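Please read the structure below before turning to the comments.
The values are calculated or read from the model by the stated rules, or taken from the named source; none is laboratory data. Quick caveat, the model's predicted, so the values are computed rather than measured. Don't worry about glycine lacking a Cβ; one is built from the backbone with ideal geometry, like all the others, and counts go over all protein chains shown.
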Ligand SMILES: Cc1cc2nc3c(=O)[nH]c(=O)nc-3n(C[C@H](O)[C@H](O)[C@H](O)COP(=O)(O)OP(=O)(O)OC[C@H]3O[C@@H](n4cnc5c(N)ncnc54)[C@H](O)[C@@H]3O)c2cc1C
Ligand code: FES
């Protein structure tokens, strides 16, 4: 199983072994990683699963809808900003680091 | 053992309350009692992806077992609370056990409303509230040819949309209202959505009261309307709304109205008891202070966060904009705010392109916004409502104005130090 690393704003890291095929939000939620609220459960309706993705991994480009929603996230939007529910886990993401923003509302 | 937090109801509200209490540093024991035997799961997909076969029950878990174990939250699943004794601080379970509590949370949600007509106990008549309802329904659907859904609310329509996508069946939706979504959407949105359902091949029979369900040999055969006409059916799904589960609270003597009465922090009339989610009712600043009981995930989650904050001495925060979503026939429908008291509506965007929003005003004030396939605009609307932004109907309707840039980022710029 690929390992995803979730990093809190204070730098504390949590490694989660996540099955391929589920998304980065679900892997966090199921394991109780804090700071990823995901109010809509992955319906791309809430933008409270905002994360900053680490460099060097082959991530698909955001769809226009995700792109537009990223303009409205609560914390600062950076070039690395993504919605965790819109990225499916594959073996190529093994070791990916996701930084969690300080706020989702 | 110390008497810790006892939570009744292991769904969206109860589980997030437990998780947030731990995040906030609550160190006392936490126990969640849940009547349903299945591990806590997400309810919205039951009428969406699960019926369509796109997701399976194991995809719906709200949290993993490892999470509950690590957070030391004990789950008592498959047993219901049958009585609450506030004086003795004790809850009795259906199996006779008694649990003491220091604090109690009522997160008992709602249950499918029983049918007000005869025949609902026939074989082939189903409801859709729980995972086991949904799994049973999925099996029934596989063998059904003539499906009648009673109730044109969001759940009935999501179901009919799922059935239309599966194909191969006649689907009829019957409702006593003159239009669909009479309770939860504006007439303009309802007209648009109804058109899509008809286009998908679903028959909508509106303004029709059900007289009874008829059967033969114990199995449902047809739905009889008050005018005597009959609609053949081998599967009838009752989607006629819910009944709030506030019975325990009433018997225990807690103040209730249309649900357990709570304040912003979920506090009931007993200082040791909070209530949250579908079973609770409170005054809302989004309804001019009127009492509202909402039935949506956002309300369950906000209730959980507010109650957890109140119980751990953290700031509870202002009531956030209520909102919910529905997915049907490829339409992402979202409503921000509450539509009561609305007297003027403007449209933004194009209905023909299937991507637009309806901006509802009460006097000069923006009150609610319904969006269709425009989730980013929904987020902007939520923030505008949250801040009580003085946007005018003309500005809302003008697509040349970037609303986020004009109202939100400017406000942020102004409020920056
Ligand atoms: C099919 C369906 C689709 C939906 N889709 C959406 C959607 O798209 N968007 C949206 O915002 N909302 C949607 N909702 C509404 C949303 O699911 C509810 O608002 C939410 O589940 C409320 O959470 P809750 O925890 O308050 O109550 P519930 O989810 O009702 O959970 C209450 C739990 O308490 C248990 N319980 C009750 N009494 C007792 C007792 N005495 N002892 C122990 N346990 C008890 C029940 O068995 C239940 O498991 C949908 C609901 C359904 C049924
Ligand atoms: S979980 Fe709601 S947008 Fe990702």
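With under 28 Å from residue A:1 (Cβ atoms), in a loop (DSSP other than H, G, I, E, B) and either without any contact (Cβ under 8 Å) to a residue 40 or more places away in the chain or within 16 Å of ligand 1 (Cβ to nearest atom) (or both) as the only criterion, which of A:79, A:58 stands out? Show your work before the answer.
Numbers: A:79 fails: under 28 Å from residue A:1 (Cβ atoms).
Residue meeting the stated conditions: A:58.
Does residue A:38 satisfy being surrounded by 14 or more Cβ atoms within 10 Å (Cβ to Cβ), at pLDDT 95 or above and within 10 Å of ligand 2 (Cβ to nearest atom)? First the steps, then the outcome.
On the way: surrounded by 14 or more Cβ atoms within 10 Å (Cβ to Cβ): yes; at pLDDT 95 or above: no; within 10 Å of ligand 2 (Cβ to nearest atom): yes.
It is false that residue A:38 is surrounded by 14 or more Cβ atoms within 10 Å (Cβ to Cβ), at pLDDT 95 or above and within 10 Å of ligand 2 (Cβ to nearest atom).
For the range B:319-343: of the residues being touching a strand residue (DSSP E or B) at 6+ places or on another chain (Cβ under 9 Å) and on the phi > 0 side of the Ramachandran plot, which is farthest from the other protein chains (Cβ to nearest Cβ)? Explain how you work it out, then say what you get.
Within the range B:319-343, the first condition is being touching a strand residue (DSSP E or B) at 6+ places or on another chain (Cβ under 9 Å), and the residues that meet it are B:319, B:321-327, B:331-343.
Restricting the remaining residues to those that are on the phi > 0 side of the Ramachandran plot gives B:337, B:341.
On the way: B:337: 15, B:341: 25 Å.
Step by step, filter the range B:319-343, then rank; the result is B:341.
Is there a residue being more than 30 Å from residue B:331 (Cβ to Cβ) and assigned to a loop (DSSP other than H, G, I, E, B) anywhere in the range B:45-59? Before the answer, list the steps.
Residues of the range B:45-59 that are more than 30 Å from residue B:331 (Cβ to Cβ), as a first pass: none.
Looking for residues that are more than 30 Å from residue B:331 (Cβ to Cβ) and assigned to a loop (DSSP other than H, G, I, E, B), one finds none in the range B:45-59, hence no.
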Of the listed residues (A:83, A:98), the one being at pLDDT 95 or above, in contact with a helix residue (DSSP H, G or I) (Cβ under 9 Å, 6 or more places away or on another chain) and more than 10 Å from ligand 2 (Cβ to nearest atom) is A:98
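Can you tell which of B:316, B:346, B:372 is within 14 Å of chain A (Cβ to nearest Cβ), over 30 Å from residue B:274 (Cα atoms) and modelled with pLDDT of 95 or more? Steps first, please.
Numbers: B:316 fails: over 30 Å from residue B:274 (Cα atoms); B:346 fails: within 14 Å of chain A (Cβ to nearest Cβ).
The match here is B:372.
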Scanning the range A:1-13 for residues that are within 20 Å of residue B:22 (Cβ to Cβ) and either facing chain B (nearest Cβ under 8 Å) or more than 13 Å from the chain's Cα centre (by Cα) (or both) gives A:9, A:10, A:12, A:13
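Does residue B:304 satisfy the criteria of being away from ligand 1 (no atom under 13 Å from the Cβ), assigned to a helix (DSSP H, G or I) and out of contact with any strand residue (DSSP E or B) (no Cβ under 8 Å at 6 or more places or on another chain)?
Numbers: away from ligand 1 (no atom under 13 Å from the Cβ): no; assigned to a helix (DSSP H, G or I): yes; out of contact with any strand residue (DSSP E or B) (no Cβ under 8 Å at 6 or more places or on another chain): yes.
Criteria not met by residue B:304.
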In the range A:19-41, anything away from ligand 1 (no atom under 16 Å from the Cβ), assigned to a loop (DSSP other than H, G, I, E, B), out of contact with any strand residue (DSSP E or B) (no Cβ under 6 Å at 6 or more places or on another chain) and more than 7 Å from chain B (Cβ to nearest Cβ) is listed as A:19, A:20, A:21, A:22, A:35, A:36
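Test residue B:126 against the stated conditions and say whether it is more than 21 Å from residue B:49 (Cα to Cα), in contact with a strand residue (DSSP E or B) (Cβ under 8 Å, 6 or more places away or on another chain) and not in a helix (DSSP H, G or I). Outline the logic, then answer.
On the way: more than 21 Å from residue B:49 (Cα to Cα): no; in contact with a strand residue (DSSP E or B) (Cβ under 8 Å, 6 or more places away or on another chain): yes; not in a helix (DSSP H, G or I): yes.
So residue B:126 fails the test.
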Filtering the range A:61-76 down to residues that are within 27 Å of residue B:43 (Cβ to Cβ), in contact with a strand residue (DSSP E or B) (Cβ under 9 Å, 6 or more places away or on another chain) and assigned to a loop (DSSP other than H, G, I, E, B) yields A:73, A:74
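Give me a count of the residues in the range B:284-301 that are within 16 Å of ligand 1 (Cβ to nearest atom) and part of a helix (DSSP H, G or I).
To start, the set of residues in the range B:284-301 that are within 16 Å of ligand 1 (Cβ to nearest atom) comprises B:284, B:286, B:292-301.
From what is left, the residues that are part of a helix (DSSP H, G or I) are B:286, B:297-301.
The number of residues fulfilling the criteria is 6.
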Counting only residues in the range B:81-100 that are surrounded by fewer than 16 Cβ atoms within 10 Å (Cβ to Cβ) and outside any strand (DSSP E or B), the one nearest to ligand 2 (Cβ to nearest atom) is identified as B:94
Taking the range A:30-55 and keeping residues farther than 23 Å from residue B:328 by Cα and without any contact (Cβ under 8 Å) to a residue 12 or more places away in the chain leaves A:30, A:32
Okay, strands (runs of 3 or more DSSP E) sitting entirely in the range B:322-389 with 3 or more residues that are under 20 Å from the mean Cα position of the chain (by Cα) and not assigned by TED's automatic domain parsing to the domain that holds residue B:200, I get B:323-328, B:331-337, B:365-372
If we keep only residues of the range B:391-411 that are more than 11 Å from chain A (Cβ to nearest Cβ) and modelled with pLDDT under 90, then the residue surrounded by the most Cβ atoms within 10 Å (Cβ to Cβ) is B:407
